[in-house]
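Enquirer: Below is a structure I'd like to ask you about.
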Amino acid sequence: MHLTRKMGNRIIIVLLFVFVMAFAGCATVPPKSGFLSDYSKLHEDRYGKKSLLWWEKASFEWRKYRKLMLDPVTVHFHPEAKPRQIEPEAVNELTDYFREAVEKELAGEYFIVTTPGPDVLKIRAAITEIIPANPAVNIVTTLAVFVPLDMGGAAIEAEFLDSQTHEVLAMMVDKKMASPVDLRFYRGFTTMGHARGAIEAWAVELKKALKTNP
């Protein structure tokens with residue numbers, strides 16, 4: 001009886017703790033880094049996503065573009081990005097992974113090219129914040145309360161341009177943070193797992209935009 005009660009109390013504590021941590025980890029819009037050419041047109045996401053600022057030209061037809069030119073992804077930290085001890089090699093791996101994730105997601109349906117064309121969309125992107133997870137902490141919390149609780153993530157800014165005219169067609173600022181209730185909790189057992197997950201999510205969103213013309 002006492003054991004059952006203790007287990008029940010522990011489960012309630014765990015659920016409350018996960019709820020609090022999930023709420024605290026929700027991403028908000030990151031500050032401007034200076035990477036984009038113009039921030040004045042950006043507005044809040046119409047679907048209520050709190051971490052996203054967005055703008056696109058009214059006549060922009062995503063489905064017109066079947067090929068992509070990807071400028072090398074840069075790191076352009078915004079002024080409030082907390083200083084973190086991240087090895088330069090890890091940062092370089094993350095920027096390279098951005099391209100890899102996009103290529104993998106679009107493989108078989110869209111082409112990555114290096115020359116402009118009438119159906120080529122150019123993308124400029126910068127990682128403006130990197131939030132590493134602490135694997136040691138997450139191992140301890142997983143053993144204690146069954147979930148990793150030190151959440152990581154990343155923030156980006158991106159411009160989408162016509163590759164021939166260089167006209168800016170869309171812009172975005174976004175930040176993605178992991179959640180303790182994410183089924184891919186194992187990402188928290190590596191320093192950059194959550195940041196890589198954020199990049200994968202952006203690749204998925206890019207493909208959706210190209211296909212559905214949001």
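Enquirer: If I ask for residues that are in a helix (DSSP H, G or I) and buried (at least 19 other Cβ atoms within 10 Å of the Cβ), which ones from the range 186-195 would you list?
Expert: R187, G188, G193, H194, A195
Enquirer: Can you pull out every residue in the range 162-176 that is under 16 Å from the mean Cα position of the chain (by Cα) and either surrounded by fewer than 20 Cβ atoms within 10 Å (Cβ to Cβ) or of a type outside the set (A, V, I, L, M) (or both)?
Expert: Residues satisfying the conditions are D174, K175, K176.
Enquirer: Considering only residues that are assigned to a strand (DSSP E or B) and charged (D, E, K, R), look in the range 111-152 and name the one that is modelled with the lowest pLDDT.
Expert: Among them, the one singled out is E129.
Enquirer: Sticking with this one: Restricting to the range 62-86, count the residues that are part of a loop (DSSP other than H, G, I, E, B) and more than 16 Å from G153 (Cα to Cα).
Expert: 6
Enquirer: Now a separate question. When residues of the range 32-59 are filtered for being in a loop (DSSP other than H, G, I, E, B) and surrounded by fewer than 17 Cβ atoms within 10 Å (Cβ to Cβ), how many remain?
Expert: Final tally of qualifying residues: 16.
Enquirer: Filter the range 71-123 for residues that are among the hydroxyl-bearing types (S, T, Y) and touching a Leu at 6+ places or on another chain (Cβ under 8 Å) and give the result.
Expert: The answer is Y110, and nothing else.
Enquirer: Is it the case, given these coordinates, that A155 is touching a Ser or Thr at 6+ places or on another chain (Cβ under 6 Å), within 16 Å of G197 (Cα to Cα), of a type outside the set (S, T, N, Q) and not in a loop (DSSP other than H, G, I, E, B)?
Expert: yes
One line per residue, one yes/no per condition, for (1) within 21 Å of V91 (Cα to Cα); (2) within 23 Å of the chain's Cα centre (by Cα); (3) of a type in the set (A, V, I, L, M, F, W, C); (4) surrounded by fewer than 22 Cβ atoms within 10 Å (Cβ to Cβ):
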{"position": "E109", "(1), (2), (3), (4)": "no, yes, no, yes"}
{"position": "I112", "(1), (2), (3), (4)": "no, yes, yes, yes"}
{"position": "G117", "(1), (2), (3), (4)": "no, no, no, yes"}
{"position": "V120", "(1), (2), (3), (4)": "no, no, yes, yes"}
{"position": "P135", "(1), (2), (3), (4)": "yes, yes, no, yes"}
{"position": "I139", "(1), (2), (3), (4)": "no, no, yes, yes"}
{"position": "A144", "(1), (2), (3), (4)": "no, no, yes, yes"}
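Enquirer: Does V102 satisfy the condition of being within 15 Å of the chain's Cα centre (by Cα) and either among the aliphatic types (A, V, I, L, M) or modelled with pLDDT of 95 or more (or both)?
Expert: So V102 fits the description; yes.
For (1) free of Cβ contacts under 8 Å to residues at least 24 places away in the same chain; (2) among the acidic types (D, E); (3) closer than 19 Å to K67 by Cβ, each residue gets a yes or a no:
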site: V145; (1), (2), (3): no, no, no
site: L149; (1), (2), (3): no, no, no
site: L169; (1), (2), (3): no, no, yes
site: L183; (1), (2), (3): yes, no, no
site: M192; (1), (2), (3): no, no, no
site: A195; (1), (2), (3): no, no, no
site: A198; (1), (2), (3): no, no, no
site: K211; (1), (2), (3): no, no, yes
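Enquirer: When the residues of the range 188-206 are filtered to those that are of a type outside the set (S, T, N, Q) and more than 14 Å from the chain's Cα centre (by Cα), which remaining residue is farthest from A81 (Cα to Cα)?
Expert: Per the stated criteria, the residue is F189.
The values are calculated or read from the model by the stated rules, or taken from the named source; none is laboratory data. Only a predicted model underlies this, so the values are computations on that prediction, with no experimental measurement involved. Reconstructed Cβ throughout: ideal geometry from the backbone, glycine too, with neighbour counts over all protein chains shown.
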